[in-house]
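The values are calculated or read from the model by the stated rules, or taken from the named source; none is laboratory data. Owing to the predicted nature of the structure, the values given are computational and were not obtained by experimental measurement. Here the Cβ positions follow ideal geometry from the backbone for every residue, glycine too, while neighbour counts run over all protein chains shown. What goes into the accessible areas is simple: the full protein's heavy atoms, side chains included, and nothing from ligands, DNA or RNA. Shrake-Rupley method; radii C 1.70, N 1.55, O 1.52, S 1.80 Å.
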Amino acid sequence: MTDPPASRAAARARFRSTLVRVLVVQGVALALLGLLQSIYSG
Amino acid sequence: MHPFNWAIVVAYLAWVVIDGIRKSKGTDTISGYFAADKSLAWWVVGLSVMATQLSAVTMIGTTGQGATDGLRFVQLYFGLPLAMVILGVTLVPLLHGSGAFTAYEYLERRFDAKTRSLTAFLFLLSRGMSCGTIIAAPGVVFSAIFGIPLAWSVALIGIPTIVYTMIGGVQAVAWADVKQMVLIVVALLAIVVVLAFQMPVSPHDALQIAGSTGRLRTFDFSFTVNETYTFWSGLIGGTFLMLSYFGTDQSQVQRYLTARSVDEARSSLLMSAYWKIPLQALVLLVGVGVFVYYQFVRPPLLFNPAHEEVVEAEAGSAYAALQRSYGEAFSLRESAALRVAEIDGTSGPARASAMADFLAREAELQEIRGEALALAEDVTGESSRDVNYIIPRFVLSELPIGLAGLFIAGVIAAAMSSIAAELNSLATTSVIDFYRRWVKPEATDAHYLAVSKGATALWGAFACVVATYAATLGSLIEVVNRFGSFFYGSILGVFLLAMVPGSRGTGAFMGLFAGMGAVAAVTFGAPSVSFLWHNVIGAVVVLGVGIALRGVGAPPAGAENG
């Protein structure tokens, strides 16, 4: 299963943008949970 | 339960079965039956993936865990988004593009027949037994709550699931999962709304009370391999666990093999990457909300009604004394909780003093609960752990008529969606990896279809029998589950090795045994190491052995080296 170079580069770019999007959304979710913990858990 | 609630449950079950049978159109070939002719949209597959993972245990056990232990359990899922992204660029294109019906079928093309058969056999062994436990968990709770024999509650969940899975194949399973996922989320939101309206204190005060008991403490950054619920165990161990589950377990792989294209398969997994942690946090928050609610409304001393009945009958005076102490302790704790809620701000000496008093009252109450649980254990001779009964008892006593039925239907839906995926994948693996591979390689689609339906029915019957005798089979199930944890990471290692150029079947097969051996050694040699790390160890050992044995043995016919 060897991709040609052009599609490999496109796959890498897709992976990077997907990774960034997922990390941003999860970062927001975790930040909210962290906020809840820091305010109410003393 | 009120007849109207039962009517909702029965109407839901009938709808799922009838619609499942309707969806059987177009499944007269094995490609239709096992892979829906790769015709499903990403959102159908994505909801099916989520519904499969969300079982009845999540609805009743995880919410109960939220009530007793708070939010920290969510850390288990911190590796999931990363695992989904990794799978999207590694195993998903490999498996979807291969045209295989099972993940293990791909391994024969890449390595050899023995590696395929061993991994498929290990899957059948562990999933066959776990399917029974998935039915048993809600079955036991329903049996106690509704006062019906266990066999009836197993049949209530198991029989409709077997019918639509057997007749409609993967397409019926996926579409039923969509309905079930919607029902599950609606049921959870219904509890949130009811809690919001019935809570005697404001949301801010409720959070103050929950926070003072540590139930809003999500993050634990300590690095120890002995703890399961820490940030690092969740992020590293959790990533490997989710890679194993979503990447190599046929019950999940079969979901995304039905997607129209590799891109749609990827998108279906990304739905979990985005939504799993928020959904899991919601499930736990429901439990936390119920905990706060029970600060102001007296909860039962024993949540398991079957145990309560036996204890009242056989140790009536001791139980009545405990009930009296419990009533007094509850009143004191309720006053202490109100004082915590009334103090403005989140710090200061007055608040610290109110919190200390509340925690002392809470400890007193829990001590009495502990005595009642010990009494129940003595009288019944069974484990009296009642975490799984907290939410069902809350739902049936506090939710309005209709919503209670909706929630019970939601729990059944959660059980059915997981069981259906298991039965479907067990039948697929039995037929594709064993029957078609070793017994009858050349036959018509009609023949394989008939065998597949028979296999689904047989696995369903087996799961129901295991569920009915779960209590008697307890130690056997535990052995199988423990054995399952030996090879989960190791199978992931085999699939990762498939992407290493030059790796061969001999390395994969030997690596699989070495990986399982290493995990067994850690399990027995260092039992305190959390199971999350077993997957990491298994996968790394298989990769190491497989890479060391690169070039040893014959390459597969038409070898793929990348």
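Numbers below:
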item: Within-13-Å neighbourhood charge of B:D263 [Cβ basis; K, R +1; D, E -1]; result: +3
item: Length added when fully stretched, B:V186-B:A320, from 0.36 nm per residue minus Cα-Cα; result: 44.4 nm
item: Mean-position separation - Cα centroids, region B:104-165 and region B:286-349, in angstrom; result: 37 Å
item: Difference of contour (0.36 nm per residue) and Cα-Cα distance, B:S383 to B:V465; result: 27.4 nm
item: Fraction of accessible area attributable to carbon and sulfur, the protein assembly as shown (%, probe 1.4 Å); result: 66 percent
item: Cα long-axis angle, helix B:80-89 against chain B (0 to 90 degrees, to the nearest 10); result: 20 degrees
item: Cα gyration tensor, region B:1-126 - rounded (a/c under 1.5), prolate or oblate; result: oblate
item: Sites B:S98 and B:F4, calculated FRET efficiency, Cβ-Cβ separation with R0 41 Å, nearest 0.05; result: 0.25
item: Listed residue (B:A363, B:G327, B:T380) projecting farthest to the positive dipole end of region B:305-385, Cβ model; result: B:A363
item: Contact order relative to length of chain B, as percent, for alpha carbon pairs under 8 angstrom and 6 or more apart; result: 30 percent
item: Heavy-atom accessible area order for B:S383, B:S251, largest first, 1.4 Å probe; result: B:S383, B:S251
item: Residues B:A352 and B:W43, FRET efficiency given R0 of 35 Å [Cβ-Cβ distance, rounded to 0.05]; result: 0.10
item: Local electrostatic count at B:A113 - Lys and Arg +1, Asp and Glu -1, tallied over other residues with Cβ under 14 Å; result: +3
item: Chain B: calculated mean residue ellipticity at 222 nm from DSSP helix runs of at least 4, using -39500 (n - 2.57); result: -25000 deg cm²/dmol
item: Potential lengthening between B:A11 and B:L125 on full extension [0.36 nm per residue; Cα-Cα distance subtracted]; result: 37.6 nm
item: Relative contact order (percent, whole number), region B:59-216, Cα cutoff 8 Å, 6+ residue spacing; result: 23 percent
item: Sum of side-chain charges, B:A172 neighbourhood, beta-carbon under 9 Å (Lys, Arg +1; Asp, Glu -1); result: +1
item: Approximate shape of chain B as ellipsoid semi-axes (Cα gyration tensor, √5λ), whole Å, largest first; result: 43, 27, 22
item: Heavy-atom accessible area ranking, 1.4 Å probe, most first, across B:W275, B:W43, B:W459; result: B:W275, B:W43, B:W459
item: 0 to 90° range, to nearest 10: angle between helix B:3-22 axis and chain B longest Cα axis; result: 10 degrees
item: Table column - 3J(HN,Hα) (Hz), region B:209-225, Karplus curve with 6.51, -1.76, 1.60, x for Gly and Pro; result: 5, 4, x, 5, 9, x, 6, 9, 7, 7, 9, 10, 8, 5, 9, 9, 6
item: Spin-label model distance (nm) - B:Q366 vs B:S202, 7 Å beyond Cα toward Cβ; result: 2.8 nm
item: Under the Karplus curve 6.51 cos²θ - 1.76 cosθ + 1.60, θ = phi - 60°, whole-Hz ³J(HN,Hα) for region B:425-438, x wherever Gly or Pro sits; result: 6, 5, 5, 4, 5, 4, 7, 6, 8, 10, 5, 6, 6, 10
item: Cα shape, region B:153-288, gyration tensor, a/c 1.5 rule; result: oblate
item: Three-way shape call for the protein assembly as shown based on the alpha-carbon gyration tensor, with the a/c threshold at 1.5; result: prolate
item: Calculated FRET efficiency for the pair B:T68/B:F223, C-beta based, R₀ 41 Å, to 0.05; result: 0.95
item: From phi via Karplus (6.51, -1.76, 1.60), per-residue ³J(HN,Hα) for region B:299-310 in Hz, x at Gly/Pro; result: x, x, 5, 10, 7, 7, x, 5, 5, 4, 5, 5
